[in-house]
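See below for the structure under consideration.
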């Protein structure tokens, strides 16, 4: 009768599955954090909407309630806005522009910025906050 030796059970813990989970979580948070673009100007009350755009904008235009214009956080006059946008959009022409406009700004201002975008064939997204 041949008896077999029983193998000893190791009481160790394999960390490889734990590191896989940590790396997956890290990748998840890195990807989701790049999808959110905070407005460059903090004093804006954006209009509320049920629908949100899924495209990631490259450039932001902000208009405050006292009609100050900002492109990527830098204040610009309305008359220099088109030239500044041309400088930015020549580098990456197939990207979107996010328009952050305060609720109290007249729609005619939004229309003027929209006309600039249409004339130069820019893709414009109106930024809103969820209801």
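Some observations on this one:
- Meets criteria (farther than 26 Å from residue 65 by Cβ and exposed (fewer than 12 other Cβ atoms within 10 Å of the Cβ)) for residue 95: no
- Residue count for the range 94-125, restricted to those that are without any contact (Cβ under 8 Å) to a residue 60 or more places away in the chain and under 13 Å from residue 61 (Cα atoms): 14
- The range 117-128 - residue that is closer than 21 Å to residue 67 by Cα and in a loop (DSSP other than H, G, I, E, B) and, of those, modelled with the lowest pLDDT: 128
- Selection from the range 64-82 of residues that are surrounded by 17 or more Cβ atoms within 10 Å (Cβ to Cβ) and closer than 30 Å to residue 31 by Cβ: 70, 71
- Residue selected from the range 83-92 under the condition touching a residue at least 12 places away in the same chain (Cβ under 8 Å) and exposed (fewer than 15 other Cβ atoms within 10 Å of the Cβ), by the criterion nearest to residue 57 (Cα to Cα): 92
The values are calculated or read from the model by the stated rules, or taken from the named source; none is laboratory data. Predicted, not measured: the structure shown is a model, and the values here were computed from it. Don't worry about glycine lacking a Cβ; one is built from the backbone with ideal geometry, like all the others, and counts go over all protein chains shown.
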